[in-house]
Amino acid sequence: MAAVWQDVVRDAAAVREAAAVAVDAALLAGVLMRTGEQPHTSDVVSYAPFTLLPSAVPRALFEQAYAVQQDFNLLVDAVSQNKEFLEQTLASTIKVDDFTARLFRIYMQVLEEGLAQTVFLGINRSDYMFDCGGTAALRQIEINTIAASFGGLTSRTADVHRLVLNVLGKTEEASHLLPNNPAKGLALGIAKAWELYGSQRAVVMFLVEDVQRNIFDQRCVENELWNRNIHVVRKRFRDVFEQGSLDASRRLFVDGQEVAVVYYREGYVPQVYDQQNWEARLLLERSRAVKCPDIATQLAGTKKVQQELSRPGTLEKLLPGHPEAIARIRATFAGLYSLDEGEEGDRIAATAIADPDRFVLKPQREGGGNNLYGEELREVLEKIKDSPERTSYILMDKIKPQPALNYLLRAHSPLQVSKCISELGIFGVYVRQGQELVLNQAAGHLLRTKAIEHADGGVAAGVAVLDTPYLV
């Protein structure tokens with residue numbers, strides 16, 4: 001599996017020529033980001049980092065990941081509707097993790113007041129690695145239920161890789177790269193939610209960061225909506241705080257415009273929330289607008305929920321009458337362990353301290369760059385092993401993927417071969433009106449690749465790069 005482009009990787013002249021073509025192709029195709037030096041303007045842009053060559057992915061595991069995505073959509077939706085499960089699962093976490101606790105307080109306040117929202121939109125991305133410790137197996141890393149990114153740019157990356165393979169004389173292989181357009185699939189879900197909200201005049205609001213380096217990824221989805229004659233506005237939490245209001249029937253207005261759908265591309269890390277932003281978030285959650293995600297669905301994506309789902313019997317309670325879906329979901333689980341206080345947590349903590357290379361330590365955070373490995377994992381666990389703070393983490397078996405040689409193309413970086421590993425994400429979209437699921441589908445894929453010396457971190461964090469699967 002690892003040696004699919006062995007002849008190319010060794011040909012320095014061919015690599016140099018292909019890399020020059022690839023960079024121009026990425027710029028032409030719109031695989032773009034704003035620069036770190038000028039993150040607030042599109043006057044100067046660069047290409048988003050990507051691999052020179054598409055990476056080999058086992059066909060059977062790729063198909064398995066697609067086949068289980070509708071099941072994961074069902075599961076996330078079921079968790080988001082189960083107050084008792086969320087309360088029990090997050091009870092220990094909210095005592096020690098202030099961010100999760102504040103989200104949870106808003107969740108409870110909105111439930112007590114009574115939900116105004118009747119249409120629910122989920123856009124998630126389930127991320128996997130290929131475990132090659134024995135027989136190759138698909139292992140879920142996490143499921144992202146808020147601001148799952150790069151559906152736009154990855155829609156354009158396959159064309160770049162197709163051209164590169166053609167330039168390298170691999171026309172047959174180029175013809176096998178799969179079409180992929182998550183931007184269209186995500187927009188389909190947003191458009192369906194907008195339509196069910198039932199007001200032609202209402203807008204879709206992208207809730208965006210203050211610093212928007214990844215704006216082109218968002219524009220891909222935005223433009224799909226404009227093409228359907230759906231009006232899109234871009235606002236920050238600050239704008240919602242200053243210009244937002246609810247009318248008597250809890251319709252949301254921002255700057256005088258009624259908002260049908262709030263699509264979060266922000267709001268998943270504690271650093272973005274000051275008191276004003278927490279108040280803005282509460283206003284949004286209390287409204288009738290379709291939130292993607294609503295706060296219950298954001299909580300459903302926490303690491304603690306992920307760990308709890310792997311316990312025997314949990315899936316059966318959440319998805320009664322779906323034994324095939326449960327079997328497909330369970331087949332993707334890696335070993336996940338609770339660090340809650342008590343005998344079981346003590347035993348797991350001691351095991352990880354004794355053999356830290358077997359595990360990954362995960363806090364309740366999204367956005368990449370948060371996980372702990374090896375010696376760092378041991379140090380942190382040693383420090384918190386007797387403290388309630390350890391309950392804000394979960395432990396997961398470390399996955400052993402098969403490295404492959406590739407070139408990671410980054411602006412202003414030397415062209416050099418790297419040993420790389422890849423992570424496959426499948427986008428899922430669902431829309432529920434009341435109790436009826438009106439849309440449930442996989443919406444495309446994202447392959448990200450990084451050099452093996454970088455344990456953790458995504459494309460936006462500057463570690464992983466965009467890639468295209470080449471099925472083998």
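The values are calculated or read from the model by the stated rules, or taken from the named source; none is laboratory data. These numbers come from a predicted model, not from an experiment. Every residue, glycine as well, gets a Cβ built from its backbone with ideal geometry; the counts of neighbours run over all protein chains shown. Keep in mind that these areas ignore ligands, DNA and RNA; they rest on the heavy atoms of the full protein, side chains included. Shrake-Rupley method; radii C 1.70, N 1.55, O 1.52, S 1.80 Å.
Tabulated data
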| item | result |
| --- | --- |
| Wholly within segment 164-247, helices (runs of 4 or more DSSP H) carrying at least 1 residues that are touching a Ser or Thr at 6+ places or on another chain (Cβ under 9 Å) | 182-197, 215-226 |
| Residues of segment 7-20 that turn out to be touching a residue at least 12 places away in the same chain (Cβ under 8 Å) and either assigned to a loop (DSSP other than H, G, I, E, B) or within 18 Å of Tyr470 (Cβ to Cβ) (or both), as a count | 6 |
| Residue that is nearest to Gln298 (Cα to Cα), among those in segment 77-98 that are touching a Phe, Trp or Tyr at 6+ places or on another chain (Cβ under 8 Å) and in contact (Cβ under 8 Å) with a residue 12 or more places away in the chain | Ser80 |
| Test: residue in segment 311-326 that is closer than 24 Å to Glu84 by Cβ, under 20 Å from the mean Cα position of the chain (by Cα) and open to solvent by less than 20 Å² (accessible area, probe 1.4 Å) | no |
| Helices (runs of 4 or more DSSP H) enclosed by segment 283-388 - at least 2 residues per element that are under 30 Å from Ala260 (Cα atoms) and in contact (Cβ under 8 Å) with a residue 60 or more places away in the chain | 295-300, 303-309 |
| Condition check for Glu382: farther than 15 Å from Gly345 by Cα and outside the structural domain of Arg10 (by the TED database) | no |
| Which numbered condition Ala300 fails, given (1) surrounded by 20 or more Cβ atoms within 10 Å (Cβ to Cβ); (2) at pLDDT below 85 | (2) |
| Members of segment 374-397 found to be touching a helix residue (DSSP H, G or I) at 6+ places or on another chain (Cβ under 6 Å) and within 19 Å of Thr135 (Cα to Cα), listed by number | none |
| Hey, Leu405 over 19 Å from the mean Cα position of the chain (by Cα), more than 28 Å from Val360 (Cα to Cα) and open to solvent by 10 Å² or more (accessible area, probe 1.4 Å) or not | no |
| Selection count, segment 142-157, where residues are open to solvent by less than 10 Å² (accessible area, probe 1.4 Å) and over 8 Å from the mean Cα position of the chain (by Cα) | 6 |
| Number of the exception - Leu415 against (1) touching a His at 6+ places or on another chain (Cβ under 8 Å); (2) in a loop (DSSP other than H, G, I, E, B); (3) at pLDDT 95 or above | (1) |
| Options Gln109, Gln81, Gln70; residue that is open to solvent by 10 Å² or more (accessible area, probe 1.4 Å), more than 14 Å from Ile295 (Cα to Cα), at pLDDT 95 or above and in the same structural domain as Glu142 (by the TED database) | Gln70 |
| Number of positions in segment 246-271 that are open to solvent by 10 Å² or more (accessible area, probe 1.4 Å) and at positive phi | 3 |
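Table: residues versus (1) aromatic (Phe, Trp, Tyr); (2) farther than 18 Å from Phe150 by Cβ; (3) surrounded by 13 or more Cβ atoms within 10 Å (Cβ to Cβ); (4) in contact with a strand residue (DSSP E or B) (Cβ under 8 Å, 6 or more places away or on another chain).
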site: Ala12; (1), (2), (3), (4): no, yes, no, no
site: Gly36; (1), (2), (3), (4): no, no, no, no
site: Val45; (1), (2), (3), (4): no, no, yes, yes
site: Pro49; (1), (2), (3), (4): no, no, yes, yes
site: Pro58; (1), (2), (3), (4): no, yes, yes, yes
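Conditions (1) at pLDDT 85 or above; (2) among the basic types (Lys, Arg), marked per residue:
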residue: Gln306; (1), (2): yes, no
residue: Thr314; (1), (2): yes, no
residue: Leu318; (1), (2): yes, no
residue: Ala325; (1), (2): yes, no
residue: Arg328; (1), (2): yes, yes
residue: Phe333; (1), (2): yes, no
residue: Leu336; (1), (2): no, no
residue: Asp346; (1), (2): yes, no
